[in-house]
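Values in this text are rule-based calculations from the coordinates and carry no lab data. Just so it is clear, the model here is predicted, and its values are computed rather than measured. FYI the Cβ positions are ideal-geometry reconstructions off the backbone, even for glycines, and counts take in every protein chain you see.
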Amino acid sequence: MRSFLFSFLFLLSALAAHSQVITTIAGTGVRGESASGTPATAAMLYDPFSVTVDNNSNIYVVEFEANLIHKIDTNGIMTTVTGTGVFGYSADGTPATDCSVESPLQVAFDKQGRVFFCEYGSYSIRFIDDSGLLQTIIGQADTGFNGDGLAASLTKVRRITSLCFDTLGQLYISDFGRIRLIDTLGIVHTVAGNGILGYGLEGQMATDSKVVQSTLYVNRLTNEVYFSEDSRIRKITSLGVLQTLVGDTIVGCNENNMHALDAKLYQVRYFTIDDTGQVYFGSNHKVCELKSDGDVHVLAGICSAGYNGDHILASSALLYDPCGVTINKKGYILIAERNNYRLRCIGCSNQLKIEKQGKFDSSSISVSPNPSYGGQINISIRGVVDENVQYKLYDAQLRCVGDWLSISNKTLCIPPPLHDGIYMLEALLKEGTLRTRLIIN
């Protein structure tokens with residue numbers, strides 16, 4: 001037995017990220033900067049490049065070109081963590097809020113919750129100590145490579161693009177042509193790369209291979225290091241060899257539900273891994289999920305850049321350079337859209353805006369009986385009599401699971417088998433398209 005429950009505005013679901021509604025949680029779409037303390041939805045962003053969430057659910061947004069790091073607290077207020085908006089270097093011991101920084105790229109947090117960030121322009125990784133002062137953990141005044149086995153404070157680096165802590169408190173960094181590790185004693189080791197930019201061979205020992213300038217993330221289930229190489233994501237296995245997880249060396253735009261190794265990607269940058277080991281990343285104006293079954297599912301966007309509003313289905317949304325993706329404790333997916341000057345969220349709101357289409361609005365359609373037995377529902381469309389209507393039913397992943405041609409205001413049979421969950425019913429008429437939602441319990 002299934003009951004079909006009709007809802008116009010709100011849909012409460014335990015699978016919030018898969019409700020597929022996308023909203024803006026920071027930025028106005030106008031490029032610029034706003035004063036610290038501004039509500040995030042009213043604040044302008046200049047170039048949101050990466051996004052990270054701390055253990056207290058505060059959101060950190062890094063703006064590379066604007067030389068700023070912001071925090072959005074749980075009340076939705078955006079404050080500046082460090083940076084003055086002017087490219088420049090500030091000495092250790094300077095209050096972070098008074099510091100200039102040089103092209104920050106990404107934030108990470110240690111077990112104490114302190115903020116660490118890679119400062120691309122100053123060849124260093126810096127952190128904010130418990131007194132709110134800026135300190136350097138690795139990097140010298142000049143760029144270079146002076147070997148492994150040294151204390152981080154004595155080690156030179158070249159260009160650091162990414163950083164991530166593992167569950168042991170070790171810090172992994174992506175340094176030009178290398179992936180390196182600062183262990184809990186503060187000693188630096190190379191775990192992948194020989195300092196030459198390039199693509200290592202599948203199955204090659206990571207320490208003997210080439211790597212490109214990459215971003216990285218540690219899978220907290222396995223402590224394996226995952227890293228991006230523009231058109232693919234790879235990992236260093238427990239045996240220390242390279243393995244490709246998704247994509248290949250051919251740049252392209254993947255379709256939905258492709259096998260991971262058949263997917264064509266482009267400009268994969270700051271990605272994340274959830275507590276179940278699934279990977280979320282941006283590629284070619286899309287946000288995708290690498291599922292445990294080895295398929296790539298498109299959550300938002302198409303292969304074209306743009307912006308077409310909020311409170312719409314994420315799979316219908318246009319994105320513009322989603323170069324940073326992360327996920328919070330509730331399973332909501334956060335997206336830094338660099339060229340839409342917005343921070344977007346899939347799952348933060350279940351409110352779906354139903355646009356007026358032609359002469360129709362959200363009150364033009366009704367569904368009965370409720371509950372329904374035997375998979376039959378009566379769909380009534382106000383003002384439409386004896387018209388041929390094309391009905392389509394989509395599941396929560398926007399896969400078409402039903403397609404019927406019927407006379408308006410007649411009984412529609414929903415064929416089995418359909419699983420309990422969220423569905424979108426679409427009615428295509430001469431004067432417009434009407435969409436509404438059904439919940440099958």
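Sorting check: for 138-145, 337-344, 169-176, which peptide has the highest mean count of neighbouring beta carbons within 10 Å, and how do the rest follow?
Details: 138-145: 15.4, 337-344: 24.4, 169-176: 22.8.
Peptide ranking by packing, descending: 337-344, 169-176, 138-145.
In angstroms, what radius of gyration and Dmax does the stretch 148-272 have, counting Cα atoms only?
14.3, 47
Which far-off residues, 5 or more places away or on another chain, put their amide H under 5 Å from the one on R158, with H placed in the peptide plane?
It is G144, F176, by chain and number.
For the stretch 62-221, what is one quarter of the convex hull surface built on the Cα atoms, given in nm²?
10.1
Using only C-alpha positions, report the orientation-averaged shadow area of the convex hull of the stretch 260-309, nm², one decimal. Working shown, then result.
Details: hull surface 15.8 nm².
Computed as one quarter of the Cα hull surface, the answer is 4.0 nm².
Please label the shape of the stretch 85-180 as rounded, prolate or oblate, based on the square roots a ≥ b ≥ c of the eigenvalues of the alpha-carbon gyration tensor (a/c under 1.5 means rounded; beyond that, a/b larger than b/c means prolate, else oblate).
Oblate shape, in that a/c is at least 1.5 and b/c is the bigger or equal ratio.
Within the P(r) computed for the stretch 30-88, what percentage of the Cα pairs occupies the region above 13 Å?
57
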